[in-house]
Every structure is written in structure tokens, then in C-alpha cells.
1. Show that you can apply the helix-only estimate: for the chain, add -39,500 (n - 2.57) for every DSSP H stretch of four or more residues, divide by all residues, and state [θ] at 222 nm to the nearest 500.
2. Counting only other residues whose beta carbon sits under 15 Å from that of residue 396, what net charge do I get with K and R as +1, D and E as -1?
3. With viscosity set to 1.002 mPa s at 20 °C, what whole-number translational diffusion coefficient in µm²/s follows for the range 109-159 from Stokes-Einstein and a Kirkwood radius over Cα pairs?
4. Can you compute 3J(HN,Hα) from phi for each residue in the range 54-60, using the Karplus curve 6.51 cos²θ - 1.76 cosθ + 1.60 with θ = phi - 60°, rounded to whole Hz and x for Gly and Pro?
5. Computed over the Cα atoms of the chain, what is the ratio Rg over Rh, Rh following Kirkwood?
6. If you rank 20, 180 by fewest surrounding Cβ atoms within 10 Å, what's the result?
7. Neighbouring Cβ atoms within 10 Å as the yardstick, rank 432, 97 fewest first.
8. Test of understanding: ordering 115, 407, 216, 45 by Cβ neighbours within 10 Å, fewest first, what list do you get?
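Just so it is clear, none of the values below were taken in a lab; they were calculated from the coordinates. Not measured: the values here are computed from a predicted model. A quick note on method: Cβ atoms are made from the backbone with ideal geometry, for glycine too, and the neighbour counts reach across all protein chains shown.
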Amino acid sequence: MTNLKNYLIGDRTFYRRVISILIPIIIQNTVTNVVSLLDNVMVGTVGTLQMSAVAIVNQLLFVFYIAVFGGLSGAGIFAAQYAGAGDHKGVAHCFRMKAYIALGLVGAALVVFLTVPQSLISMYLAEGTSAEEASATLSFAEGYLGVMLVGILPFGISQIYGSTLRELGETKVPMIASVSAIFVNLIFNYLLIFGNKGLPLLPFEPLGVIGAAIATVLSRFVEMAIIVAFVHKNAHRYPFIKEAFKSFKIPLILCGDIAKKGSPLLINEFFWSLGMALLSQCYSVRGLEAVAASNICTTAANLFNVVFLSMGNAIAIVAGQHLGAGEFEKAKISVWRLLALSSAACVVMGGIVALCAPFIPLLYNTTDTVRGLATGMLFVSAAMMPIISFVHGCYFALRSGGRTLITLLFDCGFTWGVCLPLAFVLSRFTAMPLVMLYLCVQLVEVVKSGVGFILVKKGVWLNNIAR
């Protein structure tokens, strides 16, 4: 029992280090999700169709955002371990690789979204939707998407810089850049969605969902400007940036290693996010009210999920640096302590979600049916939060050692092999209510948590790839 306690509970030094990494990430994610919730409420105040249109586009863009995250993760594994080994040139090579990957993904996203936007959006419009509502939702969504595409390049650049800083253990700068951008987004959301003719020097016209998109794009440029300017101004603190632009070359061996380790992560994140988009499409079979309810649930739940989402980053950073330094036992103990901390924290957070579930949908200008569905889905999210936090932590532990093929099978394989077939069958061939459908899909995470426990316990992820 004592050995188990020592394995799961650390000393003050351990928690001081974790807190120094974790708190800025939690602050950044919390502010992001608070503003996302406020954005959602603002658009929801305009109307349910507008809210559904924005939700559909954001679900599609989510695939791109997660693909960028996955594409950069392969190089990020090496960067974290090079940082642990004190190899600044290695970090610089990884930074260059990230730039090539991110720019390639931005180009691919522009081609897809500019070529077939109507087809992608129409997948979420259920057959029972009236022609008038479907046409209006499609129009709102196309306008919103057209503006949002302007912001994907600055998003990619911010991710290149921000992810590298986090892998070095520097989480404050990305937090400051993100929080600053978020407040820009919030202010301009209010001014551009609703307009403000009462300010003589700032006579903004109400632009609805287009205004929401413009505000988001402005915030992307602000975030990029802050983080890029800070890194280059303080190059003495971040030696990798001095090396990064001396050449555009990357050692072929490292390119091959990153491609070998990173390709499964890119594939995983792309197909996982695509799987999440298709899950939402399965829910949308129940009508536009289901789209709106799912959007409210996801936006609100993400606000409370910041603990385990941030803990995943902490696991990747702490474990990656220990592995890069060859400290396998420390890496193993740190991961179990962080998994225990994350799960315990999410028992509390889940309780808070359950208490708030009946009240959050009241913030939206929507129907009682949508509010009722959203409340039920939030109760399910609250109950499942500790399980999903454990699964999330296991994913980052497996990834930290470069075991990306196992990560691919664990995450993406489970989504496409279990969750999606279940959701497809239940949504198409049964009359199961939306909340029960959502519960059934979420419950399979219990099985996945068992698989994650076995893989982490066996230590298949304990691997130094920076040697």
C-alpha cells in the first residue's frame, strides 16, 4: 500500500514543477473556453439557425486544427526530448520540420474548403429539415467559413512557435499570446455581431455570424504577432530560434525519423478528428435541434475539460523530458502520479458540470427542446469525465515515448472500429433518443480506459528517441 501511495502521490518538489507547467496551460485553455462559450451564447442570441451554422463550420475546421496538432506532434516528441538533452540544434531542426508540415496542411485545407464547401456543410443538414431552414443554415455557414479561412495561416504559425516553446517547458508566453488574442476576439465579437451605433467614433454595424468570423480572424493575427515577436526579441532565451533560420535544411536521418514517428500521429489526429466530425453528423440525423444541443454541450463541457486537457500536455512535457534524459523510472512514476491527479480532479469537475447542467442552456436564445437535450448531454459528459481524463492521459503517455503506431491503434483505431460503427447503427437503424444515443457512444470509453491502463502499466512507451 505504501509503494502504491508513493507511486501515485508525489512530493512538494514534484507538484511545484507540475504546477509551474500546468497553471499557464490551464489559464490559457480556461480563458479560451470561457470566451468560446460567450461567443457561442452571442451567436445563439442571434438565432438557432445561425448557431447551428457556426457549429457545423467549427466542426469541419476542428478537423484541420487537430490535423495541425497531430502533424506537429511527431516533431514535438523529438523537440521535447532534445530539450531534455540540451540539444538546441536538434530543437531547431524540429522547428523547421514543423514549419513545412503546418504550411502544407494550410494549403491542403484551403483546397478542400474552397472546392467543396457546400457538400461538407450539407452532410449535417438532416433530411427532415425544411427547405427554408436548410437553405438559410447553408447560407450562414458558407459566409462564416469564407471569412474563417483567412485565419488558418496565422493559426498554423502560432502553433509552430507555441508548441515548440511548450516542449521547452515555457508555457507562459503561449498563454499570454492566447489570452491577449482571446480578449480581442471577445471585444470584437460583441461589436461586430450586434453592432454598436451608440459609439460615435466606432459606428459598428451588426454583422451576425460574419462579425463573429471577423473577430476570430483578428484574434488569430494578434496571437501570431505576439508570440512571434516575443520569441525573436528574446532569442537569447531561446537559442533554437537563432539556429532555425540559418538554413532550410533538415538532416535526412532526422526527417526520416520524424516522418516514421510523426506520420502515425498525423494520421491518428486527422482520422480521430474526422471521426469526431462524423460522430456529430450521426447526432445531426436527429435534426437541427440535435446539432444545436450538441454544440451547447460540447462548448460548455470543454470549459470544464480544461483540467484533463491541460494535464495531457503536462504528461507529454514531463515524461518527454525525463525520457530524453534517460530517466525511465522517473518518467514512469511521473506519468502515474499525473494520471491519478487528473482523474481525481475530474471527479470534482464532473460534479460541478452536473450541478451547472440545468442552467447553462438557459443562456441561449433557443427552444426548450434544445435546452432539454443539451442538459441531458451535459449530465452524460459529467458522469464520464473521470474516465475520459484517464484515457486522455494514457494517450499522451504513449505518445511521449514515440510509440506512435500503438498510439494510432489506441486512439484512432478505437474511434473508427468501435465508436463510429456504434453511432452509425444506432442513429440510422433505431429511434433511440439523442441523449441515450450519446450515452451509449460515451460508455465505450470505459473499455478504452482498460486498454490504456494495460499499455501504460506494461511500459511499452518507455523509449528515448533523442539518442
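1. -27000 deg cm²/dmol
2. Local charge sum for residue 396: +4.
3. Values: Rh = 12.2 Å.
Calculated translational D: 176 µm²/s.
4. 5, 4, 5, 5, 5, 5, 5
5. Values: Rg = 21.9 Å, Rh = 22.8 Å.
In the chain, Rg relative to Rh is 0.96.
6. 20, 180
7. 432, 97
8. Lowest to highest Cβ neighbour count: 115, 45, 216, 407.
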